[in-house]
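The values are calculated or read from the model by the stated rules, or taken from the named source; none is laboratory data. Fair warning: this is a prediction, and the values are worked out from it, not measured in the lab. Don't worry about glycine lacking a Cβ; one is built from the backbone with ideal geometry, like all the others, and counts go over all protein chains shown.
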Amino acid sequence: MTRGNARIHTRILQVAATSDPGHWRRSAPRHTRRLPVLGRLRPLERSRVPGDVLAGVTLAALGIPEVLGYATIARMPVVTGLYTILAPMAVFAVLGSSRHLVVGADSATAAILAAGVTGLAAPGSHRYVQLAGLAALLTGVLLVLARLLRLGFLANFLSRTVLIGFLTGVGISVAVGQLPGLLGIDVSGRSSIPKLVGAVEALPSTSLTTLAVSVTALIMVVGVRRLTRRVPGALVVVVGSIVASVLLNLPAHGVRTLGPVPSGIPSLTVPALSVADSRAVLATAVSMFVVILAQSSATSRAYAARYDEQLDEDTDLVGLGAANAAAAFTGTFVVNGSPTKTQMVDSAGGRSQLSQLTCCTVVLLVLLFLTGPLAHLPIAVLAAVVFLIGVELIDVAGMRRILRLRRAEFMVALLTVAAVVVLGVEQGIVLAVVASLVDHLRHSYDPTTLVLVRGADGHWRTEPARPNARTTGGLVVYRFMSSLYYANAHRFAGDITAFLASTDISTGPSVDSSAIPPAPPLHVLCLDASAIADIDFTAAQTLRHVAAQLADHSVRLEFSSVTDVVRAELQRYGVLGGKESPVVHPTSGAALDAYRAAYEDIDH
């Protein structure tokens, strides 16, 4: 809200309950008092400031161990995980529309980045960081282009079913990828299956001390979570393991540690910008763009709906693009709208961007003064934290729910899981998008078709469009539950042919008339177009052919509930507006009344 708009808003005249209800009085809305510092960002209630600040501190406590793990997943230097919740988070808090969406490192995009860049440079190297920055920059450019071209709707093409399958596959891949760190062994291989096979083969060389540290860390994190969600179990374990590493000299017993971690704020860096490098990481950037578009949009929509707030997804796209550009030039990797971090803030009582800005402040203090102790963090503990992140991504409950409710969609989700685990995360997201589009086309390719019947109580009911179905007498009010286009026009034509075949066996040898129960002679077929939003050229030609076919059998074609857009299309195609143009009724009820007036004597 601009300052000028705020002045107008505070001067709104409101109806007041006074002794004379016909009078107006001027009063300021309760929720327009704002702190001057954030006045240009969002309306901020003074009473909520303590809760938002506390939520920001909680986010930092819970998020710092998590982003260290995400840096490991992305195969970046561990400190770059902290960088993802510094400049990128602050940039989105300032530029984004959502009051709740928290932007930072994410397991899915981190896994995609690792899959796409690992073959181009040594993980963790300067060259690798440059390529990761380029991938983040290209992702940011794609997000801004999506805003300029109004492509935010593309988020809707990654279905919830496929997203559950994709994230479950990512979870399995992430968990399997941490086995070497948990066991203290070295394993080669980029995808999950070779890593799992290598881990099994290397079991005899497991470091028992490292395994003990891993098991202890897993038990403690899970145990603290079971006791209370208010205590950041991962942070407790990270701090405790650092203390234990120093006191017990764990490296001397074969337990690997992180080693020196750079302190201070990230310096401005320039990612790799050559054309060849851009081509090499473009597919990775596109994959991450799709995940960010779907996941961020779904998360911000959910929280805006929960609190009945306005949301501008176009503004969020710009904020996400700028956040990724900030990541690219501060030496870190791609960021995403994180459902887990957003839930952390919400559960802690945060209701504005002040929570994110508070978290950024805490992380800044950690980078300035507390990176030294991170050098003693056992890698096994970090692997345990990441392993649990992967396990939490495996949505067993969601997969079971899909299996129970939609078996066909469960197969799509299962196929997506298998693709991510077997082929890799980057290939899995491509298949996920394709699967979503195929699933969408499957519904429109074979839509539901119905015959409307008015009961004795005057209400309409529907029944499947069987050949012998009739609305009344020789009238069929036929509803096609999709737009008509080239892929489903055959279904429309087939239904009409079947209606004719139910009373006229001369329609052709392709129709098995012996299997169709007898029905009253068909006089009028009324196409209820209430569910038809568009008719393409091929479908229009099919419609003209159907009209001629009906005329050959002395059956009138009529329309009802036609929108203005579809009516204009039918007129442009020549289906309506001619010398013998079909009648268009405003409603199916009007079509029924007109039929009864014209054919009542014939039916009886």
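Side notes on the structure shown:
- Within segment 224-262, restricting attention to residues that are in a helix (DSSP H, G or I) and of a type in the set (Lys, Arg), the residue that is nearest to Gly56 (Cα to Cα) is Arg225.
- Test: residue in segment 446-464 that is of a type in the set (Phe, Trp, Tyr), assigned to a helix (DSSP H, G or I) and at pLDDT below 95: no
- Any hit, segment 84-98, residues being assigned by TED's automatic domain parsing to the domain that holds Ser263, over 15 Å from Ala323 (Cβ atoms) and touching a residue at least 12 places away in the same chain (Cβ under 8 Å): no
- The lone exception for Thr416 - which of (1) modelled with pLDDT of 90 or more; (2) closer than 14 Å to Leu167 by Cα it fails: (1)
- Verdict on Ser300 being in contact (Cβ under 8 Å) with a residue 60 or more places away in the chain, in a helix (DSSP H, G or I), in contact with a strand residue (DSSP E or B) (Cβ under 8 Å, 6 or more places away or on another chain) and under 16 Å from His100 (Cβ atoms): yes
- Listed here are the helices (runs of 4 or more DSSP H) enclosed by segment 528-604 that have at least 3 residues being small (Gly, Ala, Ser) and closer than 17 Å to Gly473 by Cα: 588-603.
- Tally of residues being closer than 15 Å to Ser107 by Cβ and outside any helix (DSSP H, G or I) across segment 65-77: 2
- The set of residues in segment 360-407 that are in contact (Cβ under 8 Å) with a residue 12 or more places away in the chain and small (Gly, Ala, Ser) comprises Gly372, Ala375, Ala380, Ala383, Ala384, Gly390, Gly398.
- Reported count of residues in segment 374-425, each being part of a helix (DSSP H, G or I), of a type in the set (Lys, Arg) and within 27 Å of Ser287 (Cβ to Cβ), is 1.
- Only one entry in Leu423, Leu403, Leu393 is modelled with pLDDT of 90 or more and either surrounded by fewer than 24 Cβ atoms within 10 Å (Cβ to Cβ) or not acidic (Asp, Glu) (or both), namely Leu403.
- Filter result (among the small types (Gly, Ala, Ser) and exposed (fewer than 12 other Cβ atoms within 10 Å of the Cβ)) within segment 255-280: Gly264, Ser267, Ser274, Ala276
- Options Gly349, Gly331, Gly321; residue that is touching a Gly at 6+ places or on another chain (Cβ under 6 Å) and not in a helix (DSSP H, G or I): Gly349
- Single condition Gly350 does not satisfy, out of (1) crowded, with 23+ Cβ neighbours inside 10 Å; (2) in contact with a strand residue (DSSP E or B) (Cβ under 9 Å, 6 or more places away or on another chain): (2)
- Some residue of segment 353-373 being out of contact with any helix residue (DSSP H, G or I) (no Cβ under 9 Å at 6 or more places or on another chain), modelled with pLDDT under 95 and in a loop (DSSP other than H, G, I, E, B): yes
Residue by residue, here is whether (1) within 16 Å of Ala380 (Cα to Cα); (2) more than 35 Å from the chain's Cα centre (by Cα); (3) crowded, with 18+ Cβ neighbours inside 10 Å holds:
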| position | (1), (2), (3) |
| --- | --- |
| Gly181 | yes, no, yes |
| Val187 | yes, no, yes |
| Ser192 | no, no, yes |
| Lys195 | no, no, yes |
| Gly198 | no, no, no |
| Val222 | yes, no, no |
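- When restricted to residues that are charged (D, E, K, R), farther than 26 Å from Phe333 by Cα and modelled with pLDDT under 90, segment 43-80 contains 3.
- For Ser436: the one exception among (1) within 27 Å of Val584 (Cβ to Cβ); (2) assigned to a helix (DSSP H, G or I): (1)
- Cβ separations smaller than 9 Å between residues 6+ apart or across chains give the following pairs from segment 113-133 residues that are on the phi > 0 side of the Ramachandran plot to residues that are crowded, with 20+ Cβ neighbours inside 10 Å and not acidic (Asp, Glu): Gly124/Arg75; Gly124/Met76; Gly124/Pro77; Gly124/Val78.
- Filter result for Gly171 (under 29 Å from Leu250 (Cβ atoms), touching an Asp or Glu at 6+ places or on another chain (Cβ under 8 Å) and of a type outside the set (Ser, Thr, Tyr)): yes
So that you can scan it fast, the table gives a plain yes or no per residue for (1) closer than 21 Å to Ile73 by Cα; (2) touching an Asp or Glu at 6+ places or on another chain (Cβ under 9 Å):
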| residue | (1), (2) |
| --- | --- |
| Ala302 | no, no |
| Arg306 | no, yes |
| Glu309 | no, no |
| Leu317 | no, no |
| Ala323 | yes, no |
| Ala328 | yes, no |
| Thr332 | yes, no |
| Ser338 | yes, yes |
| Gly350 | no, yes |
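- Some residue of segment 419-427 being in contact (Cβ under 8 Å) with a residue 40 or more places away in the chain, touching a Lys or Arg at 6+ places or on another chain (Cβ under 8 Å) and either within 28 Å of Leu484 (Cα to Cα) or not hydrophobic (A, V, I, L, M, F, W, C) (or both): yes
To keep it simple, each residue is scored yes or no on (1) within 22 Å of Ala487 (Cβ to Cβ); (2) in contact (Cβ under 8 Å) with a residue 60 or more places away in the chain; (3) aliphatic (A, V, I, L, M).
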site: Asp536; (1), (2), (3): yes, no, no
site: Ala547; (1), (2), (3): yes, no, yes
site: Leu550; (1), (2), (3): no, no, yes
site: His553; (1), (2), (3): no, no, no
site: Ser560; (1), (2), (3): no, yes, no
site: Val565; (1), (2), (3): yes, no, yes
site: Gly578; (1), (2), (3): no, no, no
site: Val584; (1), (2), (3): no, no, yes
site: Ser588; (1), (2), (3): no, yes, no
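- Considering residues of segment 78-107 that are of a type in the set (Gly, Ala, Ser) and outside any loop (DSSP other than H, G, I, E, B) only, the residue nearest to the chain's Cα centre (by Cα): Ser107
- Asp308 meets each of the listed conditions (1) part of a helix (DSSP H, G or I); (2) free of Cβ contacts under 8 Å to residues at least 40 places away in the same chain apart from (1).
- Any hit, segment 230-239, residues being modelled with pLDDT of 90 or more and over 33 Å from the mean Cα position of the chain (by Cα): yes
- Each residue in segment 363-378 was checked for being surrounded by 22 or more Cβ atoms within 10 Å (Cβ to Cβ) and of a type in the set (Val, Ile, Thr), and 1 of them qualify.
- Leading residue by the ranking (modelled with the lowest pLDDT) among those in segment 125-167 that are surrounded by 16 or more Cβ atoms within 10 Å (Cβ to Cβ), among the small types (Gly, Ala, Ser) and farther than 15 Å from Ala285 by Cβ: Ala155
- Candidates are the residues of segment 552-573 that are among the small types (Gly, Ala, Ser) and surrounded by 13 or more Cβ atoms within 10 Å (Cβ to Cβ); the one that is nearest to Tyr595 (Cα to Cα) is Ser560.
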